[in-house]
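Only one structure is covered here, and it is reproduced in the block below.
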Amino acid sequence: MERPESILNDSYFGFMKELSPFLYMEKQSNKWPGTITYGLPAKLYIFNCNEKARGIITKSTNGWSSWLHPDLPEDLSFFRKDKSVFLSCVTHEPLCRVYLNGKDNIQDFWDIAEWSQSAEDVFPGGKFF
């Protein structure tokens, strides 16, 4: 997401250029996962993700809370193929939400995130509520 009033730097534009082959669409909106804004609409960028895009994203920062202007786009989100939200971040808060559905396996998410603790340690027996 890019706010109209933001002053962005070279690392932002370099990141966007590197990720541009994966751009699916861009649109103006006051609403995106985790946020509704009442000011000017922001520019949302929607990218197709694959291993190459993942590599660009992961090398650009050391964590989701680093996705802040002026260096990077804000409020990174990921969607499933069915267009439902899987993960949304409101990075200036900092807030990150994972939306699990009945088909998701918490261990798969844990493996993708590469966290140091195992899912079993945090959610014994797979129970996370």
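The values are calculated or read from the model by the stated rules, or taken from the named source; none is laboratory data. Here the structure is a predicted model, which means the values were calculated and not measured. Positions of Cβ are backbone-derived with ideal geometry, glycine not excepted, and every protein chain shown enters the neighbour counts.
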Within the bounds of region 39-49, is there any residue that is hydrophobic (A, V, I, L, M, F, W, C), within 13 Å of GLU2 (Cα to Cα) and in contact with a Phe, Trp or Tyr (Cβ under 7 Å, 6 or more places away or on another chain)? yes
Listed by range, strands (runs of 3 or more DSSP E) wholly within region 1-79 having at least 2 residues that are closer than 21 Å to LEU95 by Cα are 42-47, 77-79
Which one is farthest from the chain's Cα centre (by Cα) among residues in region 1-45 that are exposed (fewer than 10 other Cβ atoms within 10 Å of the Cβ), over 23 Å from VAL85 (Cβ atoms) and at pLDDT 90 or above? ASP10
